[in-house]
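J.: I'd like to ask you about the structure that follows.
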Amino acid sequence: MELLSVNVGTPREVVWKGRPVRTSIFKQAVEAPVAVRRLNLDGDEQSDLAVHGGPNKAVYAYQAEHYDFWRGELPAAELGWGSFGENLTVSGLPAEDAICVGDRIRAGSALFMVSQPRLPCFKLSVVEEGVVAAGDEIEIVSRDSGRVSVADITRLYAHDRADLETMRRAAELEGLPEEWRHWLRERIAGAKGASARDAGESPQFG
């Protein structure tokens, strides 16, 4: 397992559907080692803190293996590492149906925890600050005992809202941000007799 690229970027304004939008999706690969802070990487900045950033969305990781699919779908696009806005382009990690919320991953001298999905990837929170660089080996330090995968969370959110057993396990995950746990508890309560309207709004992936 390897960290192929470390990518950072600052907000810029672009025009989308005729209106200006402030975004930080444009990332550039950094060759030198980069310091990992609690809320982001040095040189990186989130644009909309209502849905991005914070301690549970500090770092965005994306599997390099997915690039082959997108290069087939978008043959005219130049898809270098960081093209999907990820901070860490990683290779060799388990797929989203095998990497779980609460799993801890070390890269360089930094320690991360898988906190939540962001379609089609996953977010990391920073457990221990450190330094990362392209070429660092990635190590799964510990696996969460709840064994609810990133793909499970995405499935529950997107379409399979009848799987109450997995919802109950997910709602108990300490590594899952509270807004997600609250939403899951509301969905469970809704299945027990509350109206769908009272089941609460879906959290934003951001």
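J.: Please go through segment 1-46 and give me each residue that is without any contact (Cβ under 8 Å) to a residue 12 or more places away in the chain and part of a loop (DSSP other than H, G, I, E, B), ordered by number.
T.: Filtering segment 1-46 down to residues without any contact (Cβ under 8 Å) to a residue 12 or more places away in the chain leaves 13-21.
Correct list: Lys17, Gly18.
J.: Next question, about the same structure. Could you check segment 62-101 and list, in sequence order, the residues that are buried (at least 18 other Cβ atoms within 10 Å of the Cβ) and either more than 19 Å from Glu2 (Cβ to Cβ) or not assigned by TED's automatic domain parsing to the domain that holds Val34 (or both)?
T.: Result: Cys100, Val101.
J.: Same structure, new question: Anything in segment 50-92 that is at pLDDT below 90 and farther than 24 Å from Arg104 by Cα? List them, or say none.
T.: Ala50
J.: Please verify whether segment 58-73 includes one or more residues that are within 23 Å of Gly175 (Cα to Cα) and out of contact with any Ser or Thr (no Cβ under 9 Å at 6 or more places or on another chain). If you could, list the steps in order and put the result at the bottom.
T.: To start, the set of residues in segment 58-73 that are within 23 Å of Gly175 (Cα to Cα) comprises 58-63.
Checking which are out of contact with any Ser or Thr (no Cβ under 9 Å at 6 or more places or on another chain) leaves us with 60.
The answer is yes, given that some residue of segment 58-73 is within 23 Å of Gly175 (Cα to Cα) and out of contact with any Ser or Thr (no Cβ under 9 Å at 6 or more places or on another chain).
J.: Hey, among Asp144, Asp160, which residue is over 28 Å from Thr23 (Cβ atoms), of a type outside the set (Gly, Ala, Ser), in contact (Cβ under 8 Å) with a residue 24 or more places away in the chain and outside any strand (DSSP E or B)? Lay out the reasoning, then the answer.
T.: On the way: Asp160 fails: in contact (Cβ under 8 Å) with a residue 24 or more places away in the chain.
Going through Asp144, Asp160 in turn, the sole match is Asp144.
J.: Looking at Val59, Val21, can you tell me which residue is exposed (fewer than 14 other Cβ atoms within 10 Å of the Cβ), assigned by TED's automatic domain parsing to the domain that holds Arg118 and out of contact with any Gly (no Cβ under 9 Å at 6 or more places or on another chain)? Break it down stepwise before answering.
T.: On the way: Val59 fails: exposed (fewer than 14 other Cβ atoms within 10 Å of the Cβ).
Answer to the check: Val21.
The values are calculated or read from the model by the stated rules, or taken from the named source; none is laboratory data. Nothing here was measured: the structure is a model prediction, and the numbers come from that model. Cβ atoms come from the backbone with ideal geometry, glycine included; neighbour counts cover every protein chain shown.
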